[in-house]
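Structure first, then comments.
Every number in this text was worked out from the coordinates using simple rules, so none of it is lab data. Just so it is clear, the structure is predicted and the values come from calculations on it, not from any experiment. FYI the Cβ positions are ideal-geometry reconstructions off the backbone, even for glycines, and counts take in every protein chain you see.
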Amino acid sequence: MSTFSKKHLLGIKDITSDDIELVFETADNFKAIINRPIKKVPSLRDITVANIFFENSTRTRISFELAQKRLSADIVNFSASSSSVSKGETLIDTVNNILAMKVDMVVMRHPAPGACVFLSQHIGANIINAGDGTHEHPTQALLDAFSIREKLGSVRGKKVAIVGDITHSRVALSNIYALKKLGAEVMVCGPTTLMPKYIGSLGVKVEHDLMKALNWCDVANMLRIQLERQDNKYFPSLREYSMLYGLNKERLDKLDKEIVIMHPGPINRGVEITSDVADSKHSIILNQVENGVAVRMAVMFLLAGQG
């Protein structure tokens, strides 16, 4: 069996298409395991994983924790809001204290882009980036691409539209890297104010008309408006955004084909997507949630082999 090329998963930009395929093949095996009556395997027994979250997270943290428990790892949970960080302790102090506890792997979410890279340069444990600021969220991109592969048989040649707040979305950037490496065509769609200036250099199409994007794509990945990361007002109101870029049943019904609907969550129902679309047969949102556990099991299993 081939091995993962990196010691850490800091971003999709750093890994190869072979790495991504290896994660998918490993996740296929783990998905079979978590759908059987006894869901645990001893793959990470005696490995201690620290989950360090400097930003609030429910879905990603629970998904990683569940993946760790399925692999029989020992888990240390660390929430920055209730820790010494609020008393002025630095990132490196925090990490040194956790490493003094002999941790083998760190899953970290941090508001500063590049925090995980900084960490990887100072400690010996495997690092998994669970989201760093507006930079990358690699495991989300892997589970999104895995879900497309599961639904459509392959990612290569598929047309994927990523719709919404591209500027503030680490999910968008990681998805673009992953989809391009796997041979998909990618389009980003949203208001000009939510498109980063560098977007053209990533080799993606840019569209500002939602219906044109929907008519073009096989898959629409609807992103949440990241109000918590916006320091300025980028559009007049959520209502106006929803009128122009919200996905509803009426828009879907106008298409002369069926498309796959995705969302990284949490969903702002009625803003970027309506409930009747999110809960429809077109949607694979709950599949994404289930696949997140299998993909994160695969990543941790492969990195543990690199430790």
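Glu185 meets the conditions (1) buried (at least 20 other Cβ atoms within 10 Å of the Cβ); (2) touching a strand residue (DSSP E or B) at 6+ places or on another chain (Cβ under 8 Å) in every case but one. The failed one is (1). Applying the set (1) surrounded by fewer than 24 Cβ atoms within 10 Å (Cβ to Cβ); (2) of a type in the set (Asp, Glu); (3) over 24 Å from Ala304 (Cβ atoms) to Asp104 leaves exactly one unmet item: (3). Looking only at residues in the range 243-286 that are within 14 Å of the chain's Cα centre (by Cα) and closer than 19 Å to Lys158 by Cα, the one that is surrounded by the fewest Cβ atoms within 10 Å (Cβ to Cβ) is Ile285.
Listed conditions (1) part of a helix (DSSP H, G or I); (2) surrounded by 14 or more Cβ atoms within 10 Å (Cβ to Cβ); (3) of a type outside the set (Phe, Trp, Tyr) are all met by Ala32, apart from (2). Strands (runs of 3 or more DSSP E) fully within the range 84-195 that include at least 3 residues being touching a Cys at 6+ places or on another chain (Cβ under 7 Å) and in contact (Cβ under 8 Å) with a residue 24 or more places away in the chain: 126-132, 159-163.
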